[in-house]
């Protein structure tokens with residue numbers, strides 16, 4: 001897994017690439033939580049180069065979404081490829097996360 | 001002190017007498033002074049050793065020195081023999097000094113200091129008298145704070161060396177055992193546990209390096225650290241011993257600081273290794289607990305049923321995942337099956353899974369529809385879910401009278417429907433959310449019409465995510481492509497085929513997730529229990545009356561004679577068996593027989609009030625009553641409301 005988190009104002013832009021397996025999910029979780037500790041109000045996750053996501057990776061995203069929820073913030077996802085999209089589709093998580101095709105669409109929605 | 005490389009090496013006995021002799025004499029005087037001042041037993045030993053040195057320096061041959069061999073080896077042994085008495089003098093001297101300082105005995109302390117200075121002078125004198133050879137011993141500094149303590153074996157053939165080491169080490173707080181030769185050392189380490197061995201290089205019988213080799217080639221002893229003890233000029237041997245596996249070495253006479261430091265380092269290293277091993281063992285144990293929890297909650301066998309067959313299989317990954325499956329009988333006509341996959345791994349996943357399974361059973365057995373059942377579970381799992389655990393869960397109910405499979409799916413992979421003719425299709429869902437994520441979600445429900453021989457295969461992502469060595473995933477489409485060929489198979493055999501396909505694909509790659517599958521096969525609709533109904537006393541005369549009434553009923557409903565006759569005979573056989581046992585304890589008093597008649601066939605139900613279990617009824621269900629089983633197609637046995645119930649199904653045509 002390659003992970004990069006950039007702060008753009010109130011938005012934390014997370015780029016996660018490769019395999020988000022159980023082995024690295026804890027590190028992913030911690031990085032997300034740290035971004036929220038630093039005061040990010042929205043999270044934007046670039047999944048264009050993500051090839052696999054394990055259930056523990058989903059858990060990290062769900063925890064971040066739950067933490068943002070009381071203040072009205074959300075975890076936005078974009079750029080999902082077919083295998084990752086399948087996971088979100090089947091697990092019903094498309095209803096929980098706002099999902100966009102491209103970064104431009106996601107940023108437009110975030111305003 | 002160098003000599004020309006081409007000059008012959010003269011035996012330096014005279015030089016030794018000249019140079020070492022005076023230093024040795026001074027040492028004798030000073031040890032005598034110390035003995036007079038301190039008067040403890042150790043000081044006597046020191047005085048004796050000093051005299052041995054003096055004698056050896058004055059006339060080695062007279063002191064028992066063997067001058068045979070090459071000049072190099074003679075010099076080497078002479079250095080060794082001159083140094084040997086110093087081991088005792090120096091060792092005991094340091095001990096006496098330490099005790100004196102502790103006790104504030106200035107006079108003894110000063111005398112001990114003089115002795116130790118004299119020892120240093122003798123060591124220098126020996127080096128001046130003999131050709132140069134070895135590196136200098138490390139300088140002594142202040143004693144470091146006490147290190148870890150342990151069980152130490154000392155093996156040395158010199159009684160003086162042994163005594164010094166035992167005294168030293170005991171004082172440091174170690175438990176010390178001393179032996180005098182190599183064989184005794186090996187016997188000791190095999191007989192009792194030690195933390196460290198100090199092994200003298202040269203010993204009678206079995207040398208130190210041989211003992212070391214024996215220890216390092218034994219699987220049980222390999223981890224035992226060994227420090228070699230040698231004279232300074234045995235550097236080749238030391239190097240070899242380090243190669244064989246010695247942890248470290250010490251040269252004689254002992255430098256107390258080095259001795260303490262090396263022993264401390266060895267014991268600390270061993271302790272850390274043990275901490276690591278203990279930790280790994282604890283982790284392994286925890287994983288086993290998780291695996292036990294996981295395996296123990298799986299149902300052992302599919303509930304026997306006249307209209308359905310099923311099987312489940314789970315191959316846990318090394319690091320336990322959170323898969324589980326379950327099947328249970330909801331009532332006579334309905335069987336529930338569930339497959340779930342909890343997020344995460346290890347003990348948390350196993351515990352969460354056990355909780356989900358318990359909640360599922362508690363909820364499902366109320367007879368709730370699949371969607372209502374998942375909604376209730378989601379509410380319970382979403383409340384107080386700080387850790388953010390969740391579970392994907394597929395829950396379906398097979399209704400054997402209606403011939404339907406009703407299901408709801410909370411974020412689980414779509415199961416496969418394998419028709420009797422080999423056609424396959426996904427058991428599609430509405431992609432409802434995983435359980436435990438958000439409170440208050442709703443779940444949709446769908447229904448499939450099943451025909452006789454249709455199978456539903458539910459599996460977890462361990463199956464579709466199994467990877468080939470190339471990294472390619474097995475994938476659900478590959479599974480669907482293969483499944484058609486498994487259409488005719490019994491559920492257990494079907495699951496075996498699935499596992500074999502996955503294993504073949506993995507080509508020995510270890511799988512990182514649990515592999516789980518459940519197959520349920522509809523054997524064909526059975527009629528409801530309407531139509532014929534009769535209750536008799538457990539009496540042979542009554543059996544005849546029952547058979548006559550049953551015959552008449554079947555005839556009236558124009559059941560084909562062969563089928564009707566077979567069923568009547570099977571019922572008669574089973575009822576007669578119950579009656580034969582009725583005289584005994586717990587025997588039945590009344591027997592009720594119901595018969596349902598449908599387009600597919602006949603379902604006879606024999607219920608008696610005998611004690612549980614009615615072995616022969618059970619035998620029939622198990623297929624062991626071969627006669628009955630040749631007459632009817634399928635049978636099952638169950639204990640219902642305190643009664644034994646045997647069901648026999650006979651197809652028509």
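The values are calculated or read from the model by the stated rules, or taken from the named source; none is laboratory data. A quick note: this is a predicted structure, and the numbers were derived from the prediction, not measured. Virtual Cβ from ideal backbone geometry, glycine too; neighbours counted across all protein chains shown.
Go through the stretch B:148-162 and give me each residue that's outside any loop (DSSP other than H, G, I, E, B) and surrounded by fewer than 18 Cβ atoms within 10 Å (Cβ to Cβ).
Quick first cut of the stretch B:148-162, residues outside any loop (DSSP other than H, G, I, E, B) only: B:151-155, B:159-162.
If the condition is that a residue be outside any loop (DSSP other than H, G, I, E, B) and surrounded by fewer than 18 Cβ atoms within 10 Å (Cβ to Cβ), then B:151, B:159 are the ones that fit.
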- In the stretch A:75-97, how many residues are over 26 Å from residue B:466 (Cα atoms) and either out of contact with any helix residue (DSSP H, G or I) (no Cβ under 6 Å at 6 or more places or on another chain) or away from chain B (no Cβ under 13 Å) (or both)? 6
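Per-residue answers, yes or no, for (1) assigned to a strand (DSSP E or B); (2) touching a residue at least 12 places away in the same chain (Cβ under 8 Å); (3) not assigned by TED's automatic domain parsing to the domain that holds residue B:302:
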{"site": "B:452", "(1), (2), (3)": "no, yes, no"}
{"site": "B:458", "(1), (2), (3)": "yes, yes, no"}
{"site": "B:471", "(1), (2), (3)": "no, no, no"}
{"site": "B:485", "(1), (2), (3)": "no, yes, no"}
- Message: Checking the conditions here, which among A:44, A:63, A:58 is more than 9 Å from every other protein chain (Cβ to nearest Cβ) and either in contact (Cβ under 8 Å) with a residue 24 or more places away in the chain or over 19 Å from residue B:388 (Cα atoms) (or both)?
- Response: A:44
- Query: Within the stretch B:417-427, can one find any residue that is farther than 22 Å from residue B:465 by Cβ and either buried (at least 24 other Cβ atoms within 10 Å of the Cβ) or within 12 Å of chain A (Cβ to nearest Cβ) (or both)?
  - Reply: no
- Count of residues meeting criterion [part of a loop (DSSP other than H, G, I, E, B), surrounded by fewer than 23 Cβ atoms within 10 Å (Cβ to Cβ) and under 31 Å from the mean Cα position of the chain (by Cα)] in the stretch B:353-391: 4
- Message: Please determine whether any residue of the stretch B:444-461 is within 11 Å of chain A (Cβ to nearest Cβ) and touching a helix residue (DSSP H, G or I) at 6+ places or on another chain (Cβ under 7 Å).
- Response: yes
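Looking only at the stretch A:1-25, count how many residues are surrounded by 14 or more Cβ atoms within 10 Å (Cβ to Cβ) and within 14 Å of another protein chain (Cβ to nearest Cβ).
Start the filter on the stretch A:1-25 by keeping residues that are surrounded by 14 or more Cβ atoms within 10 Å (Cβ to Cβ), which leaves A:1, A:3, A:5, A:11-17, A:19-25.
Those left that are additionally within 14 Å of another protein chain (Cβ to nearest Cβ): A:19-25.
Final tally of qualifying residues: 7.
Restricting attention to the stretch A:66-99, and to residues there that are touching a strand residue (DSSP E or B) at 6+ places or on another chain (Cβ under 6 Å) and under 24 Å from residue B:513 (Cβ atoms), which single residue is modelled with the highest pLDDT? Write out each step before concluding.
Going through the stretch A:66-99, the residues touching a strand residue (DSSP E or B) at 6+ places or on another chain (Cβ under 6 Å) turn out to be A:73, A:75-79, A:84, A:87, A:92, A:97-99.
Checking the rest, the ones that are also under 24 Å from residue B:513 (Cβ atoms) come to A:77, A:84, A:87, A:92, A:97.
Numbers: A:77: 97, A:84: 93, A:87: 91, A:92: 91, A:97: 94.
Per the stated criteria, the residue is A:77.
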- Right, residue A:50: closer than 21 Å to residue A:107 by Cα, within 12 Å of another protein chain (Cβ to nearest Cβ) and in contact with a strand residue (DSSP E or B) (Cβ under 7 Å, 6 or more places away or on another chain) or not? no
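The rows are residues; the columns are (1) out of contact with any helix residue (DSSP H, G or I) (no Cβ under 6 Å at 6 or more places or on another chain); (2) under 15 Å from residue B:534 (Cβ atoms); (3) modelled with pLDDT of 75 or more.
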position	(1), (2), (3)
B:583	yes, no, no
B:590	yes, yes, yes
B:594	yes, yes, yes
B:605	yes, yes, yes
B:631	no, no, yes
B:634	yes, no, yes
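Right, residue B:30: under 23 Å from residue B:251 (Cα atoms) and in the same structural domain as residue B:125 (by TED's automatic domain parsing) or not? Outline the logic, then answer.
Details: under 23 Å from residue B:251 (Cα atoms): no; in the same structural domain as residue B:125 (by TED's automatic domain parsing): yes.
Taking the combined requirement at face value, the residue does not satisfy it.
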